[in-house]
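The values are calculated or read from the model by the stated rules, or taken from the named source; none is laboratory data. From a predicted model like this one, the values you see are computed outputs, not experimental measurements. Every residue, glycine as well, gets a Cβ built from its backbone with ideal geometry; the counts of neighbours run over all protein chains shown. Note: accessible area is taken over every heavy atom of the protein model, side chains too, but ligands, DNA and RNA are not part of it. Shrake-Rupley method; radii C 1.70, N 1.55, O 1.52, S 1.80 Å.
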Amino acid sequence: MKTNAIRIHEFGGPEVLTWEDVDLADPAEGEAQIRHTAIGLNLIDTYHRTGLYPMDLPTGLGSEAAGVIETVGAGVTDVAVGDRVVYTGRPADAYSERRNFDASRLVHIPDKLSDKVAAAILLKGLTAWYLLRRSYRVQKDDPILLYAAAGGVGSLASQWAQQLGATVIGVVSTNDKAELARSQGCDHIIMADEDIAASVKELTAGRGVAAVYDSVGRDTFMASLDSLRPHGTMVTFGNASGPVEPFAPSELAKRGSLYVTRPILYDFIGSREQLLSACDELFEFVSSANVEVRIGQTYALKDAARAHQDIEARKTTGSTVLLP
Ligand code: NDP
């Protein structure tokens with residue numbers, strides 16, 4: 001059959017995204033065919049588009065979507081035709097009206113969540129989960145520093161960290177984002193153009209934070225190390241400003257025997273059991289009182305280029321969803 005999808009034939013700016021009519025085979029053994037109803041946009045999609053994270057060309061884009069199963073291949077037992085499911089993973093082909101995907105990586109959407117919300121939270125919410133529950137396990141009363149606090153991962157992570165009893169210091173670039181981040185769990189705000197380490201020291205009576213969750217990368221890495229207390233943990237998990245430059249381990253010694261980790265989500269949800277148990281925690285978190293899943297903006301799937309422009313220009317807040 002035929003379907004419509006966004007594809008790229010070369011790496012580059014948002015203009016390389018093209019809306020195409022593509023062939024879609026029947027699902028192979030172990031696969032399900034999904035009709036997408038909502039697709040999650042992630043900053044990582046822009047790293048795939050530019051080639052920062054290289055992929056073989058031509059390729060689709062997108063690592064997260066929700067939808068309904070229309071057919072299944074041989075040997076599929078985890079899901080059935082008609083099920084509402086959500087997934088995150090490769091191959092990156094979520095920017096499409098229909099696709100085939102490994103059925104063992106599909107997660108049933110709880111009745112109380114809409115497809116739009118499921119597509120808005122899976123990749124970003126599981127990231128917030130492993131950051132706070134695995135990379136550095138947040139303890140009650142820990143002060144932590146979180147960049148892009150009004151963004152997709154940030155708005156979920158700040159609310160989750162607050163629920164865990166942390167004191168959350170969020171970094172944002174505009175006053176509107178500051179107001180939003182405050183309403184979503186940040187106890188303190190530092191503006192992105194301030195001296196971040198100095199402001200952190202001021203807010204923590206000179207001690208520094210227990211952990212930094214840094215998704216900005218190159219521009220903030222050293223300021224983040226300078227913001228940690230002795231034995232603190234630096235979790236560097238994104239490249240919004242570019243990849244972190246190589247650094248000498250002695251930089252960690254100088255600042256008090258620091259720890260650094262550079263995690264990726266898929267190492268925390270490798271098996272189906274890990275995936276489902278992480279999703280249970282995530283769905284319980286988003287269903288709890290006072291948690292707001294903020295879908296700051298939606299776009300038609302075929303306008304994905306505009307969504308890429310906006311997220312790269314720091315114009316988006318919360319999650320972004322593309323609608324087929
Ligand atoms: P966001 O919605 O958070 O958008 C990115 C935000 O980064 C912007 O809104 C902006 O917030 C901030 N930012 C700071 N510097 C820049 C810059 N130079 N250019 C653009 N944005 C900048 O995106 P996502 O929620 O999709 O992802 C957040 C981060 O988490 C990304 O870096 C992503 O790569 C990373 N990530 C990592 C994963 C992993 O497993 N390692 C998994 C998922 C996401 P402000 O204007 O307030 O500074």
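Residue by residue through the range 283-295, note down the ones that are more than 11 Å from the ligand (Cβ to nearest atom) and of a type in the set (D, E, K, R).
Of everything in the range 283-295, those that are more than 11 Å from the ligand (Cβ to nearest atom) and of a type in the set (D, E, K, R) turn out to be E284, E292.
Over 24 Å from L106 (Cβ atoms), in the same structural domain as P14 (by TED's automatic domain parsing) and open to solvent by less than 70 Å² (accessible area, probe 1.4 Å) - does that describe any residue in the range 243-252?
no
Which one is farthest from the ligand (Cβ to nearest atom) among residues in the range 146-160 that are of a type in the set (A, V, I, L, M, F, W, C) and assigned to a helix (DSSP H, G or I)?
The residue in question is W160.
Would you confirm whether any residue within the range 276-286 is of a type outside the set (D, E), open to solvent by less than 60 Å² (accessible area, probe 1.4 Å) and assigned to a loop (DSSP other than H, G, I, E, B)?
no
Can you name every one of the strands (runs of 3 or more DSSP E) wholly within the range 1-95 that holds 1 or more residues which are surrounded by 21 or more Cβ atoms within 10 Å (Cβ to Cβ) and out of contact with any Pro (no Cβ under 7 Å at 6 or more places or on another chain)?
So the answer is 2-8, 31-41, 64-72, 84-88.
For the range 296-324, enumerate the residues that are more than 10 Å from the ligand (Cβ to nearest atom) and part of a helix (DSSP H, G or I).
L301, K302, D303, A304, A305, R306, A307, H308, Q309, listed by residue number.
Under the condition of being of a type in the set (S, T, N, Q) and part of a loop (DSSP other than H, G, I, E, B), which residue from the range 233-246 is nearest to the chain's Cα centre (by Cα)?
Out of the qualifying residues, it is N239.
Being within 15 Å of the ligand (Cβ to nearest atom), among the β-branched types (V, I, T) and assigned to a strand (DSSP E or B) is the filter; apply it to the range 183-232 and report the residue that is most open to solvent (accessible area, probe 1.4 Å).
For the range 183-232, the residue satisfying everything is I189.
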